[in-house]
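Below you'll find the structure, written out as structure tokens, and then a few comments.
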Amino acid sequence: DAEKAADYATRFTPAFDAHFRAVFQRAVDQAKHFVAFAAPPRGGAVVEVGAGSGRITIDGGLAERIGARGQLLMTDPSDTQLRVARDRLVAAGLSWVKPLRAPAEALPLAPAGVDLVIGAAFLHFTDPRQVLREAARVLRPGGRFALAAPLMHGWPPFWQEALAPVATEARRLGLADTLRWGVPESEILACAGAAGLLVAKTEHVADSWDAPTPAVAQAFVHQTHLVALLLRDAPADPIARTEQDVLARMAERWDTCAETDRGMPFVYLHLVARKP
């Protein structure tokens, strides 16, 4: 809901980007691959949703592909991430790119004026159905929506142990599907169809989170509000209490677990859909 989404946004700190880059060492290459897959129009009007600090716009080369004669709006609900993005845009000489604080579910844009709406690794923080409807609203006829979304996956041994308090709390609250996060591919495709978008192409790209440090792992849990994602329908107090239990459990078990058991495999869905 809106309150939880706001909480996610406040948790992202400048250090999150350093943690992200330390863990996802192939992040820049993956971002470039996704931008090439999305094929942004040269000189077009483009909106990036869930832009964060600029992984797609700057690292992935989205701004370079569009060019200064185009229009590129970076939107994100996190003030902190956008402050980092602004500094990075200045350093990269991309002053023509406009960062704007806005959730993906409510873009402050007129309808039917955008060539491409693009976003990566943000959908699980949102209401997917509303995001796809909003993308369809602002796209011109023939415009495209491009998405990179981590799909649901299983947890390796260390994380199964660390997240045991989440499973316990979910059983207590009568919640199902506890230790699964992300948005299922079937749901993404259904949301695209409900928004009137026609899927043009998809691909699956494997990635992995390799050898995190304790600080990085704790930042992953806290700053992405992971426990709230896993306990989506739970009240705030049980979420906060369970998160502290998870962080404590991680610290207790870190040195007793093999490094290979702390990594995490990912599969990203890349999708491009068109507005008729």
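In table form, for the structure just shown:
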| read-out | value |
| --- | --- |
| Solvent exposure ordering (accessible area, 1.4 Å, most first) of PHE37, PHE125, PHE145 | PHE125, PHE37, PHE145 |
| Residues with amide H under 5 Å from that of ALA112, placed H, sequence gap 5 or more | VAL138, LEU139 |
| Candidate residues ARG274, ARG262, ARG83: accessible-area rank, largest first, probe 1.4 Å | ARG83, ARG274, ARG262 |
| Over the range 84-179, relative contact order from alpha-carbon pairs under 8 Å, at least 6 apart, % | 24 |
| Helical contribution to [θ] at 222 nm, DSSP H n ≥ 4, -39,500 (n - 2.57), averaged over the chain, rounded to 500 | -13000 deg cm²/dmol |
| Proximal aspartates and glutamates relative to LYS32, as straight alpha-carbon distance under 18 Å, when same-chain residues fewer than 8 apart are discounted | ASP17, GLU48, ASP59, GLU64, GLU203, ASP207 |
| Length gained when the stretch VAL267-ARG69 is fully extended (0.36 nm per residue, less Cα-Cα span) | 67.8 nm |
| Accessible-area order (highest first, 1.4 angstrom probe) of the listed residues HIS270, HIS33 | HIS33, HIS270 |
| Per residue accessible area of the chain, 1.4 Å probe, in Å² | 43 |
| Residue-span extension gain [GLU187 to GLN160] - 0.36 nm each, minus C-alpha spacing | 7.2 nm |
| Carbon and sulfur %, accessible surface of the range 118-276 computed with the full protein complex present, 1.4 Å | 53 |
| Cross-link partners of LYS275 among aspartates and glutamates (Cα-Cα below 15 Å; sequence separation of 8 or more within a chain) | ASP115, GLU134 |
| The range 42-117 - percent of accessible surface contributed by carbon and sulfur, probe 1.4 Å | 50 |
| By average C-beta atoms within 10 angstrom, highest first, the peptides 74-81, 95-102 | 74-81, 95-102 |
| Equivalent ellipsoid semi-axes - Cα gyration tensor, the range 138-245, angstrom | 31, 18, 13 |
| Percent of C-alpha pairs per 10 Å bin, the range 208-276, short to long | 17, 39, 27, 12, 4, 1 |
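The values are calculated or read from the model by the stated rules, or taken from the named source; none is laboratory data. What you are looking at is a predicted structure, and each value in this text was computed from that prediction instead of being measured. Reconstructed Cβ throughout: ideal geometry from the backbone, glycine too, with neighbour counts over all protein chains shown. Just the protein is used for accessible areas: all its heavy atoms, side chains included, with ligands, DNA and RNA removed. Shrake-Rupley method; radii C 1.70, N 1.55, O 1.52, S 1.80 Å.
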